[in-house]
Amino acid sequence: MEKLNARKRNILNSPKAGGCCDEDSIPYLKDLGIEIVDKKQPIQFTPNFSEHVHRWSAYIQGFSAEFVQSTINKYHKEYNCLRILDPFAGCGTVLIQSKFSGYPSFGTELNPLLAFIANVKVNSWDVSPNALIEMYKSIPKDISKAPPTFLKSKDQFRHGVLKNIEKIYGGLDFITVKNKTEQKVKDLLKVAFSSILIECSNLKRTPCLGYSKSKQIIDNAPWMLMEKNVRIIANDLNIIQKHFADKIAVDSQVVCTNAMTYKHPNFFDLAITSPPYMNGLDYVMNYKIEMGWLEFISSQKDAKKIKDEMVVCDNVSKGLIKNFSESNSRYTNDWLDDIVLHIKRNIDRRGNYRRIDMPFIVAKYFDDLYKVMKNVVNALNPRGRFILVIGDSLIADVYVPTDLIMARIGRELGLEIEKIERARNRRSGQVRSYRLRETILTLRKDKRTDG
Ligand SMILES: C[S@@+](CC[C@H](N)C(=O)[O-])C[C@H]1O[C@@H](n2cnc3c(N)ncnc32)[C@H](O)[C@@H]1O
């Protein structure tokens, strides 16, 4: 209680209360010699819930299909055989829109569940809708399989609901496939299954996973939701095969790998991405239920192993940050040194903070993103563009202009800062009266800096 009051007091007395990112960005913008232009744009995933293919999975951290489409429309004529990259592919928004537009694309994604979902979403367009419905109908209703042992399924689902999920799980497991085509059908059923889990649980994602007091789930909900999802997918396949038949063979692939270390063997004209936000979501723990039931992980240890490789978030293990703090090779610059120092001073002055190693988390975040940016820049064709949707942060009363730091890194890696557009304003999670922004940063590889 004492701690909570101290935290509340710090927020109430914050020198940043009522402030905004614009004032705090002035010195950085001056340094870079650029301006931020206001251009409201749709960048959130929510509208995708009603879009074909995107809606096959309930992944709310993705970004807007409309935004990706408008980016492709804006630039496609400038390139001969446009190839698109997303280093943080998530559930495949960039790849899906690239394919609908007829352009080959490639993604990297470290979460195996998300990489699987993204691949199924782009590589199942030739599956017969009837074959999907038939395989769904063939799921035996009386074979149960026990839930993953490391999950607290009895708390996460009501008893009657859990019994039905176990039956779908067991039934799916029972289906054997004889060839690649049948495997594709089964994978679609697995995607449909992954999408019912949170919906019929006692949990909600807002966007972090937490228990919901108000949810009332009926026992039969898993079967009802499963059938609904299967019919949605079958309907979308019908539409694709009728109206986008010429796009079915367009090459799209997501590799489950670490974007910090992956060296691309191919070149791209557009890299469109949205990196994890600092302080943001834990992309493993938030999906551990689906990862467990789809058997991508079988213990908390498996989850931690993947999490430790991700771009850092603020609930990463203390050991990982300690190791980082002791290493002496990392990306930094004078802005970052100053930001990290100020965060440290403010935390020392307060005497408490939710993570006292926050200065190192911030330093690691940019070191991680630097590595990814370097790999992407190396894989860009001359005149290629790197377009990032990014949010800034306020940490221990220190403003962190993530977009401008990324712009600077881009410039250091030889890219030109073509523009920065403010797509929307948002509020700081800590000091609600402080205004932050979400921007679209466009970097461009100059012909001279090629290679
Ligand atoms: C903001 S989300 C991207 C969402 C995506 N634009 C979409 O629409 O689905 C960031 C993604 O980066 C992934 N990620 C984090 N660290 C990674 C790493 N080191 N290598 C590859 N992917 C990573 C996360 O799992 C998450 O899916």
Seminar exercise, completed: The base-10 log of I(q)/I(0) that the Debye equation returns for the chain at q = 0.11, 0.12, 0.13 Å⁻¹, one scatterer per C-alpha, is -0.93, -1.09, -1.24
Problem set entry | For the chain, calculated [θ]222 nm from helices alone, where every DSSP H run of n ≥ 4 adds -39500 (n - 2.57) | -13500 deg cm²/dmol
Seminar exercise, completed: Violations at 23 Å Cα threshold for listed pairs 99/419; 419/445; 77/242; 16/318 -> 99/419; 77/242; 16/318
For this session: With a Förster radius of 22 Å, plug the Cβ-Cβ distance of residue 266 and residue 76 into 1/(1 + (r/R0)^6) and report the FRET value to the nearest 0.05.
Result: 0.75
Seminar exercise, completed: Toy charge model, Lys and Arg Cβ at +1, Asp and Glu Cβ at -1: the chain dipole around Cα centroid in debye, rounded to 20, equals 980 debye
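Exposed loop trypsin sites (Lys or Arg not before Pro) only (DSSP loop, at most 16 other Cβ atoms within 10 Å): please give the longest stretch of the chain free of them, not including the sites.
With trypsin sites (Lys or Arg not before Pro) excluded where exposed in loops, the chain gives 41-140 as its longest stretch.
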For this session: Give, as a single signed number, the net charge of other residues whose beta carbon lies under 15 Å from the beta carbon of residue 72, with Lys and Arg counted +1 and Asp and Glu -1.
Result: +1
Problem set entry | Partners for residue 263 among aspartates and glutamates (Cα-Cα distance below 14 Å; same-chain residues under 8 apart left out) | 86, 109
Seminar exercise, completed: Restricting to aspartates and glutamates and to Cα separations under 14 Å from residue 322, and discarding same-chain partners fewer than 8 apart, the set is 308, 314, 357
Exercise. Summing +1 for each Lys or Arg and -1 for each Asp or Glu, what net charge is found among the other residues whose Cβ lies under 12 Å from the Cβ of residue 368?
Worked result: +1
For this session: Using a cut-off of 15 Å between beta-carbons, work out the net charge of the residues near residue 134 (Lys and Arg +1, Asp and Glu -1, residue 134 not included).
Result: +3
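Among 239, 395, which comes first, second and so on when ranked by fewest other beta-carbon atoms within 10 Å?
With the sparsest Cβ surroundings first, the list reads 239, 395.
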For this session: For each of 81, 313, count neighbouring Cβ atoms within 10 Å of the residue's Cβ, then give the residues from fewest to most.
Result: 81, 313
Problem set entry | Packing-based exposure ordering (other Cβ within 10 Å, fewest first) of 308, 392 | 308, 392
Exercise. Ratio of Rg to Rh for region 255-368, alpha carbon only, Kirkwood?
Worked result: 1.01
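Read the figures in this text as sums done on the coordinates, not as results from a lab. Values in this document were obtained by computation on a predicted structure and should not be read as measured data. So basically every Cβ, Gly included, is an ideal-geometry build from the backbone, and we count neighbours across all protein chains shown.
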